[in-house]
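Structure first, commentary second.
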Amino acid sequence: MIFNVEETGLFWKRLPNKKYISKVEKNAQGSKACKERLTLLLGGNAAGDYKFKPLLIYASENPRPLKGIQKRSLPVHYRWNKKAWMTATLFRDWVSSCAIPELRSYCEKERLEFKILIVLDNAPSHPVDLDELSENIKFVYLPPNTTAILQPMDQGTISNFKSYYLRRTFRELFTATEGIDNITMKTFWKNFTI
(Lines give C-alpha, C1' and ligand atoms only; values in the text may rest on other atoms or scores of the structure.)
Protein backbone atom coordinates (compact mmCIF):
# COMPACT_ATOMS: atom_id res chain seq x y z
CA MET A 1 0.00 0.00 0.00
CA ILE A 2 1.23 3.48 -0.86
CA PHE A 3 0.79 6.49 1.41
CA ASN A 4 1.82 10.13 1.19
CA VAL A 5 2.26 12.82 3.84
CA GLU A 6 3.00 16.52 3.54
CA GLU A 7 3.25 19.48 5.90
CA THR A 8 1.54 22.79 5.35
CA GLY A 9 1.47 26.04 7.26
CA LEU A 10 -1.84 27.56 8.24
CA PHE A 11 -2.32 31.12 9.42
CA TRP A 12 -5.40 30.06 11.31
CA LYS A 13 -6.55 33.53 12.34
CA ARG A 14 -5.83 35.52 9.17
CA LEU A 15 -8.43 36.80 6.78
CA PRO A 16 -7.74 36.77 3.04
CA ASN A 17 -5.99 39.98 2.02
CA LYS A 18 -8.01 40.65 -1.12
CA LYS A 19 -11.64 39.81 -0.27
CA TYR A 20 -14.04 39.79 2.65
CA ILE A 21 -12.19 42.44 4.68
CA SER A 22 -14.53 44.57 6.71
CA LYS A 23 -14.38 48.34 6.39
CA VAL A 24 -13.45 48.59 10.06
CA GLU A 25 -10.47 46.27 9.67
CA LYS A 26 -9.32 47.76 6.37
CA ASN A 27 -9.23 51.33 7.71
CA ALA A 28 -7.98 50.56 11.21
CA GLN A 29 -4.88 52.52 12.19
CA GLY A 30 -1.80 50.40 12.74
CA SER A 31 -3.56 47.07 12.31
CA LYS A 32 -1.61 44.18 10.87
CA ALA A 33 -2.69 40.81 9.64
CA CYS A 34 -2.53 38.20 12.39
CA LYS A 35 0.52 35.99 12.07
CA GLU A 36 -0.55 33.16 14.37
CA ARG A 37 0.67 30.13 12.48
CA LEU A 38 0.52 26.42 12.95
CA THR A 39 1.82 23.51 10.93
CA LEU A 40 -0.30 20.57 9.90
CA LEU A 41 0.90 17.21 8.65
CA LEU A 42 -1.77 15.71 6.40
CA GLY A 43 -1.62 12.34 4.73
CA GLY A 44 -3.48 9.41 3.29
CA ASN A 45 -3.23 6.45 0.97
CA ALA A 46 -3.22 6.36 -2.81
CA ALA A 47 -6.65 4.70 -2.94
CA GLY A 48 -8.13 7.63 -1.02
CA ASP A 49 -9.95 5.48 1.54
CA TYR A 50 -7.66 6.23 4.48
CA LYS A 51 -6.55 9.52 6.05
CA PHE A 52 -4.04 9.86 8.86
CA LYS A 53 -5.18 11.65 11.97
CA PRO A 54 -3.57 15.07 11.33
CA LEU A 55 -0.52 16.19 13.28
CA LEU A 56 -0.84 19.79 14.50
CA ILE A 57 2.29 21.68 15.57
CA TYR A 58 1.71 24.88 17.51
CA ALA A 59 4.02 27.40 19.18
CA SER A 60 2.78 26.77 22.71
CA GLU A 61 2.90 23.56 24.70
CA ASN A 62 -0.22 24.45 26.69
CA PRO A 63 -2.33 27.17 25.02
CA ARG A 64 -4.84 28.80 27.36
CA PRO A 65 -7.89 27.74 25.33
CA LEU A 66 -6.81 24.09 25.74
CA LYS A 67 -6.41 24.38 29.51
CA GLY A 68 -8.02 21.39 31.19
CA ILE A 69 -8.48 19.53 27.90
CA GLN A 70 -6.77 16.17 27.46
CA LYS A 71 -4.64 16.52 24.31
CA ARG A 72 -5.29 12.84 23.54
CA SER A 73 -8.99 13.68 23.14
CA LEU A 74 -8.33 16.21 20.35
CA PRO A 75 -9.08 15.24 16.72
CA VAL A 76 -5.37 15.81 15.98
CA HIS A 77 -2.02 14.65 17.33
CA TYR A 78 -0.84 17.78 19.17
CA ARG A 79 2.87 18.67 19.30
CA TRP A 80 4.65 21.96 19.80
CA ASN A 81 7.86 23.87 19.26
CA LYS A 82 8.59 27.60 19.52
CA LYS A 83 8.28 28.31 15.79
CA ALA A 84 5.46 25.82 15.13
CA TRP A 85 7.60 24.13 12.45
CA MET A 86 8.16 20.51 11.65
CA THR A 87 11.56 19.26 12.80
CA ALA A 88 13.34 15.95 12.23
CA THR A 89 12.74 15.04 15.88
CA LEU A 90 9.00 15.77 15.66
CA PHE A 91 8.71 13.87 12.39
CA ARG A 92 10.56 10.84 13.77
CA ASP A 93 8.29 10.95 16.85
CA TRP A 94 5.19 11.13 14.61
CA VAL A 95 6.32 8.10 12.61
CA SER A 96 7.04 5.96 15.66
CA SER A 97 4.20 7.01 17.99
CA CYS A 98 1.42 7.91 15.53
CA ALA A 99 1.91 6.60 11.98
CA ILE A 100 3.13 3.07 12.74
CA PRO A 101 0.30 2.26 15.20
CA GLU A 102 -2.33 3.84 12.91
CA LEU A 103 -1.07 1.91 9.87
CA ARG A 104 -0.85 -1.36 11.78
CA SER A 105 -4.43 -0.90 13.01
CA TYR A 106 -5.65 -0.01 9.50
CA CYS A 107 -4.01 -3.11 7.97
CA GLU A 108 -5.47 -5.37 10.67
CA LYS A 109 -8.94 -3.89 10.21
CA GLU A 110 -8.81 -4.27 6.42
CA ARG A 111 -7.09 -7.69 6.70
CA LEU A 112 -4.13 -6.52 4.63
CA GLU A 113 -0.48 -7.43 4.89
CA PHE A 114 1.43 -4.80 6.89
CA LYS A 115 3.74 -3.65 4.07
CA ILE A 116 3.69 0.10 3.54
CA LEU A 117 5.43 2.57 1.22
CA ILE A 118 5.34 6.24 2.27
CA VAL A 119 6.24 8.93 -0.27
CA LEU A 120 7.84 12.09 1.18
CA ASP A 121 9.44 15.22 -0.17
CA ASN A 122 13.12 15.76 0.56
CA ALA A 123 12.61 18.39 3.28
CA PRO A 124 15.30 18.66 5.97
CA SER A 125 12.65 17.72 8.55
CA HIS A 126 12.33 14.26 6.97
CA PRO A 127 15.31 12.23 8.25
CA VAL A 128 16.82 9.68 5.88
CA ASP A 129 17.05 6.96 8.55
CA LEU A 130 13.29 6.46 8.96
CA ASP A 131 13.40 2.95 7.47
CA GLU A 132 15.07 1.81 10.70
CA LEU A 133 11.90 2.54 12.73
CA SER A 134 9.91 -0.34 11.21
CA GLU A 135 10.86 -3.19 8.94
CA ASN A 136 7.36 -3.10 7.40
CA ILE A 137 7.46 0.55 6.30
CA LYS A 138 9.69 1.93 3.56
CA PHE A 139 10.13 5.64 2.93
CA VAL A 140 10.77 6.99 -0.58
CA TYR A 141 11.92 10.59 -1.08
CA LEU A 142 10.94 12.64 -4.10
CA PRO A 143 13.78 14.21 -6.11
CA PRO A 144 14.65 17.85 -5.33
CA ASN A 145 12.57 20.55 -7.03
CA THR A 146 9.84 18.14 -8.11
CA THR A 147 7.55 18.33 -5.10
CA ALA A 148 5.06 20.77 -6.65
CA ILE A 149 4.67 18.48 -9.64
CA LEU A 150 4.87 15.00 -8.09
CA GLN A 151 3.70 15.38 -4.48
CA PRO A 152 0.21 13.81 -4.33
CA MET A 153 -0.85 15.93 -1.34
CA ASP A 154 0.01 19.07 -3.34
CA GLN A 155 -2.35 18.01 -6.14
CA GLY A 156 -5.40 19.41 -4.40
CA THR A 157 -5.69 17.80 -0.97
CA ILE A 158 -3.98 20.60 0.95
CA SER A 159 -5.70 23.38 -1.01
CA ASN A 160 -9.07 21.68 -0.49
CA PHE A 161 -8.39 21.47 3.24
CA LYS A 162 -7.49 25.17 3.43
CA SER A 163 -10.59 26.12 1.40
CA TYR A 164 -12.79 24.07 3.70
CA TYR A 165 -11.15 25.66 6.76
CA LEU A 166 -11.71 29.17 5.39
CA ARG A 167 -15.36 28.47 4.48
CA ARG A 168 -16.02 27.02 7.93
CA THR A 169 -14.37 29.99 9.65
CA PHE A 170 -16.40 32.46 7.58
CA ARG A 171 -19.60 30.55 8.34
CA GLU A 172 -18.86 30.93 12.05
CA LEU A 173 -18.00 34.62 11.55
CA PHE A 174 -21.19 35.37 9.62
CA THR A 175 -23.33 33.47 12.11
CA ALA A 176 -21.81 35.37 15.03
CA THR A 177 -21.99 38.83 13.46
CA GLU A 178 -25.44 38.48 11.89
CA GLY A 179 -27.12 36.65 14.76
CA ILE A 180 -29.21 37.92 17.64
CA ASP A 181 -26.11 38.80 19.67
CA ASN A 182 -24.75 40.72 16.67
CA ILE A 183 -21.16 40.92 17.90
CA THR A 184 -18.62 42.88 15.90
CA MET A 185 -16.05 41.26 13.69
CA LYS A 186 -13.31 42.56 15.95
CA THR A 187 -14.93 40.86 18.97
CA PHE A 188 -15.31 37.62 17.00
CA TRP A 189 -11.60 37.52 16.10
CA LYS A 190 -10.62 38.39 19.65
CA ASN A 191 -12.59 35.40 20.95
CA PHE A 192 -11.60 33.05 18.08
CA THR A 193 -9.09 30.60 19.56
CA ILE A 194 -7.09 27.60 18.53
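The values are calculated or read from the model by the stated rules, or taken from the named source; none is laboratory data. Every value quoted in this text rests on a predicted model; they were computed, and no experiment measured them. Here Cβ is always computed from backbone atoms with ideal geometry, including for glycine, and neighbour counts include all displayed protein chains. Protein only, heavy atoms only, side chains kept; ligands, DNA and RNA dropped before computing areas. Shrake-Rupley method; radii C 1.70, N 1.55, O 1.52, S 1.80 Å.
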Item to complete: Report, by residue number, each residue of the range 93-127 that is of a type in the set (Phe, Trp, Tyr) and either within 18 Å of ALA46 (Cβ to Cβ) or without any contact (Cβ under 8 Å) to a residue 24 or more places away in the chain (or both).
Response: TYR106, PHE114
Worksheet, complete the sentence: Taking the range 156-171 and keeping only residues that are within 14 Å of the chain's Cα centre (by Cα), over 15 Å from GLY44 (Cα atoms) and open to solvent by 70 Å² or more (accessible area, probe 1.4 Å), one is left with LYS162, TYR164
Practice prompt. Identify the residue in the range 49-58 that is more than 11 Å from TYR78 (Cα to Cα) and in contact (Cβ under 8 Å) with a residue 24 or more places away in the chain and, among all such residues, is least open to solvent (accessible area, probe 1.4 Å).
Written response: PHE52
Worksheet, complete the sentence: When restricted to PHE192, PHE139, the only residue surrounded by 14 or more Cβ atoms within 10 Å (Cβ to Cβ), hydrophobic (A, V, I, L, M, F, W, C) and modelled with pLDDT under 90 is PHE192
Discussion item. I'd like to know if the range 126-134 contains one or more residues that are acidic (Asp, Glu) and touching a helix residue (DSSP H, G or I) at 6+ places or on another chain (Cβ under 6 Å).
Written reply: no
Practice prompt. Restricting attention to the range 118-136, report how many residues are open to solvent by 50 Å² or more (accessible area, probe 1.4 Å) and either among the aliphatic types (A, V, I, L, M) or within 27 Å of ASN81 (Cα to Cα) (or both).
Written response: 7
